[in-house]
Every structure is written in C-alpha cells, then in structure tokens.
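Q: The structure under discussion is supplied below as structure tokens; questions concerning it will follow.
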Amino acid sequence: MKSLAAFLTGIVLLACLALPVSALESSVLTICDKNLSIDIGPSYEIVSSNVDASSSGMISNDFFINDTAQTGSAFVSILTIFDEILTKMNPDALSELFLIGGVEAAKENGDTEIGKWMAADSRGRNVSVTTMSSGDEDAQMPHGVYNISIWNLDSTTYALLVSSFDEYNTTQIIKTLTVS
C-alpha cells in the first residue's frame, strides 16, 4: 500500500510540473540616448537643452536654436509619449491634436493666427505649420511673428517647433530634423 501511495504521489507531482505556467509580463519604460540632427547652416547653434521626465505620460527634451548672423530663434522639443492611451492613438491625429492645443493656448495669451502652410518633413510627409502674431515683440521674435508646428517622427516620438525664423529656415528645420 505504501508503494502505491508513493507511486500516486509521484504521478501527481509530475503532472503538476508538466502543467504550463504562464510567464509574468509587464511594460518597462526605458530611455536611450539618440542623436538630434538638423541641417540649417553654419551660423546656427543649439544654445541650451533641458530634459523633463514628468509623470504626465511623456518625456520632453527641449532645445533652443539661435542664428548668430541674424535675429530670431527656434524652440524645439522632442517628446516621447509613453502614456497607455496616447500611444494607441493615430500619430498623425495626435500631432494635429497637439497643434490645435498649442495654437489655442497661444490665442488665450492674446496671440492671433495669421496663416497656415505646409512643409515636408525628413520622410517627405506633409507637416502643418501655423503662423502666429504676438503683440509682444522682442529681439528673439522679429515683428512678433512666429510659426508653430508638431509632427510625429515615429509612433511614440514627436517634434514640437516654435520658430521665429522666416518660412525658408523654418521649413529647413522641419525638412532636416531627425532623431536617430
């Protein structure tokens, strides 16, 4: 009887070991170092950068670009989205939603929308650009005019551009900006 009990116990143990066990899985957010590249000429320089790793579902890396030969500047923010809901949205639709939000925020500050145009990005895709006028003219924003644009670089990475450069230089930033 003891040998039968030992035999049945052995079979039960083997059966338990043979049952499939599911692996534990979870999402992991990782940050990796990539290169920002913009080809707009020798007189331009990146004067500062800042990383904001907030808990709002995105990480931003912000840059200011100045032209040492003329007035004007540009603010570039590379946004990495990790929010579960935002990552499921269509990247083009999310870009447009961000642009609308940025334009509306500028209007609430008293700025006026004075035009819209398109520029091609580094992948040849059309990017919407909105030209704004501000009553607050300073040395970095000639005539109080600036352009706002945001576009997706991939499914989770976006570029936000606020530029007081002319249309040609703003287009060059959009056309040549890559993150790799």
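The values are calculated or read from the model by the stated rules, or taken from the named source; none is laboratory data. Here the structure is a predicted model, which is why all the values come from computation and not from measurement. Areas reflect the complete protein model, heavy atoms only, side chains present, ligands, DNA and RNA absent. Shrake-Rupley method; radii C 1.70, N 1.55, O 1.52, S 1.80 Å.
Q: Probe radius 1.4 Å, ligands and nucleic acids ignored: give me the carbon and sulfur share of the accessible area of region 29-177 as a rounded percent.
A: 51
Q: May I ask you to rank 31, 173, 46 by accessible area, largest first, using a 1.4 Å probe over the protein chains only?
A: Ranked list, largest accessible area first: 31, 46, 173.
Q: With a 1.4 Å probe and all protein chains kept in place, how much accessible area does residue 154 have, in Å² rounded to the nearest 10?
A: Surface open to solvent at residue 154 totals about 60 Å².
Q: Mind pulling the per residue volume of the convex hull built on the Cα atoms of region 29-177? Å³ is fine.
A: Numbers: hull volume 17.2 nm³, N = 149.
Dividing the Cα hull volume of region 29-177 by its residues yields 116 Å³.
Q: Please work out the C-alpha center-to-center distance from region 152-170 to region 74-132 and express it in whole Å.
A: Comparing the Cα centres of region 152-170 and region 74-132, I get a distance of 8 Å.
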